[in-house]
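Have a look at the structure below before the remarks.
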Amino acid sequence: MAIYFYKVCEPYGCFSNFSPHPIDIQGTYWSTVEHYYQAQKFVGSANEAIIPIIHAAATPEQAAALGRDRTLQVRRDWETVKTQIMHVAVRQKFLTYPDIQSILIATGDELLVENSPTDYYWGCGCDRTGQNYLGKILMSVRQEIRELALVSDQ
Ligand SMILES: Nc1c(N[C@@H]2O[C@H](COP(=O)(O)O)[C@@H](O)[C@H]2O)[nH]c(=O)[nH]c1=O
């Protein structure tokens with residue numbers, strides 16, 4: 001049975017990038033994966049000044065709204081790098097928090113799907129035809145953590 005997740009307050013809400021799990025990336029703490037992801041859109045762009053504002057956003061919803069401001073130009077390579085950036089942040093989250101790492105591992109080999117009604121890239125969209133890249137990253141991180149556990153058992 002596939003596992004569908006989306007809102008933090010719903011089952012498997014810890015798989016959402018909006019979940020309240022701060023991450024340390026290269027010595028900087030970000031309140032959520034979403035804060036980090038949205039800020040990375042502007043690294044090396046003319047709008048770098050927005051990065052500390054996104055970093056300080058009170059909620060992931062506010063960070064996302066700032067990052068989605070279409071009057072701000074994102075970095076030129078964003079489409080090329082965004083999936084890898086998300087992967088690094090999601091992996092860091094699940095390596096940092098043993099409780100949610102256990103929830104991820106306990107999903108076994110189930111298909112994980114971000115049930116976003118609007119996002120056809122990170123999620124499945126309202127008709128479930130989306131590419132589900134967030135679900136794919138979570139499944140990949142699940143496998144990476146399993147392999148790390150095997151190495152540490154040796
Ligand atoms: N969970 C969740 C969302 N989904 C998240 O939005 C992000 C994509 O942002 P963008 O690339 O700017 O469109 C990505 O982290 C995706 O998982 N969006 C929401 O408005 N509310 C929510 O509760």
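The values are calculated or read from the model by the stated rules, or taken from the named source; none is laboratory data. This is a predicted model, so every value here is computed, not measured. Positions of Cβ are backbone-derived with ideal geometry, glycine not excepted, and every protein chain shown enters the neighbour counts. Side chains are part of the model used for accessible areas, which takes the heavy atoms of the whole protein and leaves out ligands, DNA and RNA. Shrake-Rupley method; radii C 1.70, N 1.55, O 1.52, S 1.80 Å.
Residues in the stretch 8-43 near a label at ALA58, defined as backbone nitrogen under 13 Å from the 7 Å Cα→Cβ point?
No residue passes the distance filter.
For VAL74, what charge total do you get from the other residues with a beta carbon under 12 Å from its beta carbon, if Lys and Arg give +1 and Asp and Glu give -1?
+2
Write down the accessible area per residue of the chain in Å², having rolled a 1.4 Å probe over the full set of protein chains.
Value for the chain: 54 Å² per residue.
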